[in-house]
Amino acid sequence: MKKIILFVITIAIGSPLAAQQDTYEARLDVLYDKAYHHLYKNNDSTSYYFNEILSVALENEDWANVFESLISENRNAGYYYDLRTLKKNLSFLDSLSIRKKSYLDSLPDRSFYANSILYDKGNYLFKINNFRGARKAFQAIISDIEKVPDTLVDTDQVYLLSAAYSFMANMYQQEGKYKLARQFYDKDIRYLEVKVPNDLEEINRRYSLLASLYNKENDFENSNRLYRKVIAQITTENIGNNSYISACNNIAQNYILQQQKDSADYYLTIMSKYIKEGSPFESAFYAIQSEKFQLENEYPKALEYLNKTLEIEVKKQHNGKNKKIAETYKKTGILHAKFNKLDKAVLEFKKGIEALSGSSSTTNRFTLLDLLIKNAQTLNLSLIHISEPTRQAEIS
């Protein structure tokens, strides 16, 4: 992010105003240092210091730092899935952008601020599964930056454009439009490898996203090949970072899908060393542990870990209405049905349906349809008492 302090010091050093400005800048520097010290490590502390910056900047009518503090807090809020903070800040930014339009238009970095706000808006809409709105925001970023001459695109714009490509690909992938998704992933990877070839962390993230597309196409060999490439490129000091944990998680998932429990266990054991309470991968780790225990026909353990997954997802969403929550209910229903707990399965499918009530998202509609089908299948099976093997085959 750009920390822009817009001051024109025309008073001689030692004057009261100069001293006041020096004090103000020094205070901002301290607050930014503290905020960035906690960034992506502690959501509450990061939010506290960015709000302190916001208060100080508003008091001094320092609009650059008002925008800066809100945008920076949004990045942290997005990382922690803090939708309340994102929604609140975006509402404020929309209002501020209208009231301070002439000021924004006068900034040399006007495009950076405008596209940063679009990014945060797209990120928020993506997280609430409003893909139509998110796609509109990310396409606006792409259209704006792609028209800039290549030699004038700075590093900030490179990362904003790359993020927009990735989100577009991710949404197309979730909608089952794999060809379009692949086009955006390939474009994104080529772009980063040309513009920032030494940023292996970002490039690895894109390889991971492309690997997830192979997973969707049941091409587990190519999927794991890319995930192992990610792991191989991670330096010793960065072992245990998000890219590393994510790659281990996804390789384990692929092995479970192939019913290769021992290989999955190997990567889950590695992953377990780095999963702590509040980790972004905590929910995914519990979900995949549940799948592993299902392979071993350990119903109580599988249920225990799915319940942990649900608890984390509900806490993230506050209101309990989200695709991830609905899919967790669906997984729990499938688990109950697999072990002939049909009444419990029906209850879970109904909870999943309720978690998506009122949603107009395309991907949510697919999940909702699947839940409705599984609910109907389970109700029918509970009435006609067909054989256990048939039950499992029809619901899974």
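Is there a residue being open to solvent by 60 Å² or more (accessible area, probe 1.4 Å), modelled with pLDDT under 85, out of contact with any helix residue (DSSP H, G or I) (no Cβ under 9 Å at 6 or more places or on another chain) and farther than 23 Å from Leu160 by Cβ anywhere in the stretch 33-52?
Within the stretch 33-52, none of the residues are open to solvent by 60 Å² or more (accessible area, probe 1.4 Å), modelled with pLDDT under 85, out of contact with any helix residue (DSSP H, G or I) (no Cβ under 9 Å at 6 or more places or on another chain) and farther than 23 Å from Leu160 by Cβ.
Among Phe167, Phe184, which is the only one that is hydrophobic (A, V, I, L, M, F, W, C), touching a Ser or Thr at 6+ places or on another chain (Cβ under 8 Å) and part of a helix (DSSP H, G or I)?
Testing whether each residue is hydrophobic (A, V, I, L, M, F, W, C), touching a Ser or Thr at 6+ places or on another chain (Cβ under 8 Å) and part of a helix (DSSP H, G or I) leaves just Phe184.
List the number of the failed condition for Val30; all other conditions in (1) surrounded by 14 or more Cβ atoms within 10 Å (Cβ to Cβ); (2) modelled with pLDDT of 50 or more hold.
Among (1) surrounded by 14 or more Cβ atoms within 10 Å (Cβ to Cβ); (2) modelled with pLDDT of 50 or more, the lone unmet condition for Val30 is (1).
Restricting the search to the stretch 241-277, which residues are open to solvent by 50 Å² or more (accessible area, probe 1.4 Å) and either over 20 Å from the mean Cα position of the chain (by Cα) or of a type in the set (Gly, Ala, Ser) (or both)?
Leu257, Gln258, Gln259, Gln260, Lys261, Asp262, Tyr266, Thr269, Ser272, Lys273 - these are the residues of the stretch 241-277 that are open to solvent by 50 Å² or more (accessible area, probe 1.4 Å) and either over 20 Å from the mean Cα position of the chain (by Cα) or of a type in the set (Gly, Ala, Ser) (or both).
Restrict the check to the stretch 315-328 and report whether at least one residue is of a type outside the set (Lys, Arg), assigned to a loop (DSSP other than H, G, I, E, B) and open to solvent by less than 60 Å² (accessible area, probe 1.4 Å).
For the stretch 315-328, residues of a type outside the set (Lys, Arg), assigned to a loop (DSSP other than H, G, I, E, B) and open to solvent by less than 60 Å² (accessible area, probe 1.4 Å): present.
Going through the stretch 22-43 one residue at a time, which ones are part of a helix (DSSP H, G or I) and closer than 19 Å to Ile71 by Cβ?
Correct list: Leu28, Asp29, Leu31, Tyr32, Asp33, Lys34, Ala35, Tyr36, His37, His38, Asn43.
Give the number of residues within the stretch 128-167 that are of a type in the set (S, T, N, Q) and open to solvent by less than 40 Å² (accessible area, probe 1.4 Å).
The number of residues fulfilling the criteria is 4.
Do the conditions hold for Arg182, that is, is it among the basic types (Lys, Arg), open to solvent by 50 Å² or more (accessible area, probe 1.4 Å) and under 30 Å from Arg365 (Cβ atoms)?
yes
Those residues that are touching a residue at least 24 places away in the same chain (Cβ under 8 Å), surrounded by fewer than 20 Cβ atoms within 10 Å (Cβ to Cβ) and not in a loop (DSSP other than H, G, I, E, B), I need them from the stretch 292-301; list them, please.
Correct list: Leu295, Tyr299.
The values are calculated or read from the model by the stated rules, or taken from the named source; none is laboratory data. Owing to the predicted nature of the structure, the values given are computational and were not obtained by experimental measurement. Glycine gets a Cβ as well: all are built from the backbone with ideal geometry, and neighbour counts include every protein chain shown. Heads up: the accessible areas ignore ligands, DNA and RNA and are worked out on the full protein's heavy atoms, side chains in. Shrake-Rupley method; radii C 1.70, N 1.55, O 1.52, S 1.80 Å.
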